[in-house]
Amino acid sequence: MYATSSNPKYTCKKCKRKIHVEDIEVIFKDQLTEFIISKEEVKRYFDRTHTIIREKEQDIENVKSEIQNLKTRLASFLNFTKRAN
């Protein structure tokens, strides 16, 4: 297919069918997007993202648990120092 500068259509040399330049460019972009970003690739990306989110949520829970442990230890220490005075 070819398009001349004066004609807003692509023309097939063999069959002489014509397609508007905008139409064929949209088709090309859609096919290129599908080629570059396949459904499997998107699924892998989201799976990795969800895994990272789950790991971060677990990290948050671990930090919360550690904070609670530190609060308990601090309270015990403060009670001990009050009894010592």
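Any read-out appearing in this document is the output of simple, stated calculations on the displayed coordinates, not a laboratory observation. What you see is a predicted model; the values in this text were computed from it and never measured.
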Can you list the lysines whose alpha carbon sits under 19 Å from that of residue 82, skipping same-chain ones fewer than 8 residues off?
-> 71
Rounded to whole angstroms and listed largest first, the alpha-carbon spread of the chain along its three principal axes comes to 101, 25, 11
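Using just the helices of the chain, give the 222 nm mean residue ellipticity in deg cm²/dmol: DSSP H runs with n ≥ 4 each add -39,500 (n - 2.57), and the total is spread over all residues, rounded to 500. Display every interim value, and only then the final one.
Numbers: 2 runs with 62 residues, N = 85.
The helix contribution divided over the chain gives -26500 deg cm²/dmol.
Above 14 angstrom, tally the Cα pairs of the stretch 38-85 and express them as a % of all pairs, no decimals. Mind dumping the intermediate values first?
Numbers: 780 of 1128 pairs.
That tail contains 69 percent of the Cα-Cα pairs.
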